[in-house]
Amino acid sequence: MSVNPTDAALVAAARSGSDAAFARLVDRHQQAVRSFMRRVCGNEADADDMAQEAFLAAWTALRTLKTDSHFKTWLFSIAWRKAKGMARSAARNRQRDQAWQDERDQSEDPRVEMNIAMSQALAELPEDQRAAVSLCLAGDWSHGDAAQILEMPLGTVKSHVARGRARLMEILGVADG
Amino acid sequence: MAEQDPLKAFFDAGEAPAVDPAFKARTMDRIAQRRLRVELALRFVAGGLLVLGFMALAPTIALIGQGIFTPELTPAFLAVGLSLAIAWTGHYLINHSIQVPRLRFF
């Protein structure tokens, strides 16, 4: 195998039984998948657990991946399906955490307060919107690829991204547009 | 665009680490556990099917055996068996290995 094989080459090797090839795929995509899961799920530990589940599901279903399909897009679609249920329960947990947040000392670093406010705003977005924002604004995915991953119409993704971005910019106190 | 910078900075701050050997190790460990469970289950099923197969075929095999293993044919079977044993021994001495079929599901 070459020094920097393509995803397609690694997938082919993994299909033949190479654990080393699949481990390289994990290495290559773990940051993106985990970051996406953290933004969608809101809880770091749960997000990492779900990310492992996504890689495990991808390994199990590797034979179903079409040869002309993009591995990273397919992996993210699996990750999104794993994250959906977790995202709903995370919303319920946030209602409990909000009471604690309200009692915190107000003399914190303004930048920390801003980050917390941004995180809360992101967490309060509907899960579909949060996922679209996480992919397109944070992950630099195109709207088309995000629509494929989230299994939504392209127009819906664009709308979600615009609304999510507007909400976050509002928190930042920056005019959007 | 300039207004994208604070947003991008917020997202960049929440990124997972670029390199995390511990995460990779935990993931590959879970894969190994899944593979082991599946292979054990498949071998259990295969073994059960073999047992059922032999049980179904036992009366037929016994009938055939009674017809084949007559005193007149015993020297022939001994010769064939001895030849196979010599051939296998010779293969081992030359190659220093005895290859058996490997069950591979993944």
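The values are calculated or read from the model by the stated rules, or taken from the named source; none is laboratory data. In this text the structure is predicted, and so the values were computed from the model without any measurement. Here Cβ is always computed from backbone atoms with ideal geometry, including for glycine, and neighbour counts include all displayed protein chains. Ligands, DNA and RNA are excluded from the accessible area calculation, which covers all protein heavy atoms including side chains. Shrake-Rupley method; radii C 1.70, N 1.55, O 1.52, S 1.80 Å.
Quick notes on this structure:
- Remark on A:Ser18: its backbone amide H falls under 5 Å from none of the residues 5 or more positions apart or on other chains, H modelled at 1.01 Å from N.
- Taking both sides together, the accessible area buried where B meets A is about 3100 Å² for a 1.4 Å probe.
- Delta accessible area of at least 30 Å² on complex formation, residues of the range A:28-68, 1.4 Å probe, chain isolated as reference: A:Gln30, A:Gln31, A:Arg34, A:Ser35, A:Arg38, A:Arg39, A:Gln52, A:Leu56, A:Trp59, A:Arg63
- Rounded to whole Hz, the Karplus (6.51, -1.76, 1.60) HN-Hα couplings of the range A:128-145, x for glycine and proline: 5, 5, 4, 5, 5, 5, 4, 6, 7, 8, 8, x, 6, 6, 6, 4, x, 5
- For the range A:143-165 and the range A:1-42, distance of Cα centres in Å: 24
- Spin-label pair A:Arg163/B:Ala87, simplified geometry with 7 Å Cα→Cβ offset, distance in nm: 7.4
- Solvent-free Debye scattering, log10 I(q)/I(0), computed from the Cα coordinates of the range A:34-89 at q = 0.19, 0.21 Å⁻¹: -0.60, -0.71
- Sites B:Val80 and B:Leu36, calculated FRET efficiency, Cβ-Cβ separation with R0 41 Å, nearest 0.05: 0.55
- Across the range B:24-29, rounded Karplus estimates of 3J(HN,Hα) from the backbone phi angles (6.51 cos²θ - 1.76 cosθ + 1.60, θ = phi - 60°) give 4, 5, 5, 5, 5, 5 Hz, Gly and Pro being marked x.
- Averaged per residue, the range A:1-82 has 43 square angstrom of accessible surface, using a 1.4 angstrom probe with ligands and nucleic acids left out.
- Each residue of the range A:22-32 is assigned a 3J(HN,Hα), and the resulting list reads 5, 4, 5, 5, 4, 4, 6, 10, 5, 5, 5 Hz, derived from the Karplus form 6.51 cos²θ - 1.76 cosθ + 1.60 (θ = phi - 60°), x at Gly and Pro.
- Net charge contributed by nearby residues that have their C-beta within less than 12 Å of B:Asp29 (K/R +1, D/E -1): +4
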